[in-house]
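Student: What follows is a single structure, and I will ask about it in a moment.
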Amino acid sequence: MTSATPSSPSDQPDRPAPAPAVASASDAFHPGRLWRHGLLASISAFAGFALYAAGLRGDTLAVAVVVLFCLSYWATGWLPDFLVSLLLMFLLATCTSLGATVVFSGFTSSAFWLVFSGAVIGMALSVTGLGERVASRLADHCGHAYGLALAGFVGIAFALGIVMPSTLGRIAILTPIALSFCDRVGLVQSRPGRTGLMLAAALASCELSTAILPANLPNLVMAGTAETVLGLRLGYGEYAVALVPTLAIVRGVVLVIVAKHLFPDRLTMLGSERPGASTVANTSMRPDEKRLLGALTLMLALWLTEPWHHIAAGWVGLGVALLCLGPLRLVNPDAFLKQVKLAPLWFVAAIIGLTAAVDHAGLASALRPALARLDLAQMSTMPAFLMLVALSIALTFLVTSNAAPALYTPLVPALALGAPLSVKAVLLAQTVGISTIALPYQAPPLVLAMALAGIGIRDATRYCLATAAVALLTVVPLTSLWWQIVGLLHLSAS
């Protein structure tokens, strides 16, 4: 009887060697990437100690650290967006005493439901063909070149700001049409030109409207606070003369040029050049298109008359969405539930909750004494102007563009005391900062556009940072030059 001997390696059946652990793009917690989380946690902890030494305590300190920690993840893209959104809400709920009403206020916000209704309306535009019809008309005019398309949608976004005072409303209407246009001219989901065009139209809706007095919420907050606190009433005409040439025209050119260079592309298929394309624009409207057009007309009418009936844009949009899902029979509810993505809704809710937490924790109030001590009396005109622009930009980072005017405007009397600038120049200097969006979270309407268009945080951050950098080199100096021409700035101290 022979004893069994170990078989040699050559006798073993061939087996594939175990594959080395490789970090996939979606594996944020791969061992090779854990250093990222440690780095962001360390930076946030260090900032927390610095803020504690500066005098911040309680919820104010906790909110500041949590917001910095989560904004770092959004800026770097080292965690999926929806995970960061849930992490923000979890940390605010467990590390502060703000309560669920504040932390989860995003779910009760009009903007949250505007995302939902925008998804329904976008699907209705696609299913009925009305979006294709409008896109076909636009393609006839600006669908011959990528740069022309970018300029066309940036111009449309600005024009809508003149007639529609809600940035969220403008984005909810423009985004589905822009998506249909992209499909029409061959900018499919994987094309960089689709991302560039959608971001240019969305950021134009947010930034260029700053040049039109009643076109967005920050402007209204600034104007209302100025009238209440300063007794200064801003006129529509003088406001437009001071800001449209640079904050609308020059900044619009910046948006187009940066999009064209950051997301280069070309239009490949126009109208009938696309195989199987129907000449939708040349046919009469079908009954379902007419029903949708009627619903959109009703929605626009209610948005424009909001000052009289006081129904927020989100609730109007939700009502129209219910009409599309129900009596008008435009969108199949089962099909919609299969296509809807929840991640954008989490993102919007988290951003709104972040803004509410900053406000209720008193972070802005804690900063006010330090800001009031800013002494411009020792500066000449240009350094003082640049300091005010830098201050307004910093405030949009801290409290977002919607809340920044509520913090900046009451400080105007203290900032203008002894400064080489008029009170009106000190007041309007904040518009340059408010309209300079460096990170998407600073402009909640931009977050809405990203959700509706399926744009990733990384692409949006790249575009925002690039346009902000170019704007600092072009819009800021040209604004100071234009204000000297119209008499708003004087080179000599007054």
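The values are calculated or read from the model by the stated rules, or taken from the named source; none is laboratory data. Being a predicted model, the structure only gives us computed values, none of them experimental. Virtual Cβ from ideal backbone geometry, glycine too; neighbours counted across all protein chains shown. Heavy atoms of the whole protein, side chains included, go into the accessibility calculation; ligands, DNA and RNA do not. Shrake-Rupley method; radii C 1.70, N 1.55, O 1.52, S 1.80 Å.
Student: Aspartates and glutamates near Lys424 by alpha-carbon distance under 12 Å, same-chain residues fewer than 8 away left out - which ones?
Tutor: Partners within reach: Glu227, Glu238.
Student: For region 160-209 and region 416-494, what is the centre-to-centre distance using only Cα atoms, to the nearest Å?
Tutor: 20
Student: Taking R0 as 45 Å, what's the FRET efficiency between Leu34 and Leu473 from their Cβ-Cβ distance, rounded to 0.05?
Tutor: FRET efficiency, Leu34 to Leu473: 0.75.
Student: To the nearest 10 square angstrom, how much accessible area does Lys260 have with a 1.4 angstrom probe?
Tutor: Ignoring ligands and nucleic acids, Lys260 comes out at about 100 Å².
Student: Counting other C-beta atoms within 10 Å, and keeping those with at most 13, which DSSP coil trypsin sites (Lys or Arg not before Pro) do you find in region 181-259?
Tutor: Arg233
Student: Further question on the same structure: Could you do me a favour and compute the accessible area per residue for region 36-99, 1.4 Å probe, result in Å²?
Tutor: Numbers: 2900 Å² over 64 residues.
Per-residue value: 45 Å².
Student: Follow-up question, since we're still on this one. Per q in 0.26 Å⁻¹, report the Debye log10 I(q)/I(0) for region 36-99, using one uniform scatterer on each alpha carbon and no solvent.
Tutor: So the normalised log intensities work out to -1.13.
Student: Over region 36-99, what relative contact order in percent results from Cα pairs under 8 Å that are six or more residues apart?
Tutor: 34
Student: A follow-up question, please. If each residue of separation counts as 0.36 nm, what is the full-extension length gain between Ile249 and Thr283 once their alpha-carbon separation is subtracted?
Tutor: 8.6 nm
Student: So with the 1.4 Å probe, I'd like the accessible area per residue for region 177-268, rounded to whole Å².
Tutor: 35
Student: Sum -39500 (n - 2.57) across every DSSP H segment of at least 4 residues in the chain, then divide by the residue count to get the 222 nm mean residue ellipticity, nearest 500.
Tutor: Rounded to the nearest 500, the figure is -21500 deg cm²/dmol.
Student: Take the alpha carbon atoms of region 314-363, find their center, do the same for region 93-121, and report the distance between the two centers in whole angstrom.
Tutor: Spelled out, the Cα-based centre of one part sits 9 Å from the other.
Student: Mean Kyte-Doolittle hydropathy of 0.5 or higher plus an axial Cα length of 30 Å or more: which whole DSSP H helices in the chain meet both? Walk me through the intermediate numbers first.
Tutor: Details: long enough: 457-485 (39 Å, 0.96).
Those that pass (Cα extent of 30 Å or more, hydropathy at least 0.5) are 457-485.
Student: Where the accessible area of the chain is counted over protein heavy atoms with a 1.4 Å probe, how much of it, in %, is carbon and sulfur?
Tutor: Within the chain, the accessible surface is 67 percent carbon and sulfur.
Student: Specify whether the C-alpha gyration tensor of the chain places it in the rounded, prolate or oblate class, a ≥ b ≥ c being the square roots of the eigenvalues: rounded for a/c under 1.5, otherwise prolate if a/b is larger than b/c and oblate if not.
Tutor: Oblate is the answer for the chain, as a/c is 1.5 or above yet b/c matches or exceeds a/b.
Student: Only Cα pairs under 8 Å and at least 6 apart count here; give the relative contact order of the chain as a rounded whole percent.
Tutor: Relative contact order comes out at 22 percent.
Student: At Asp375 and Leu293, where each label point lies 7 Å from the Cα along Cα→Cβ, what is the point-to-point distance in nanometres?
Tutor: It works out to 6.6 nm between the two label points.
Student: For the pair Leu148/Gln189, report the inter-label distance in nm, with labels modelled 7 Å from Cα in the Cβ direction.
Tutor: Result for the modelled spin labels: 3.0 nm.
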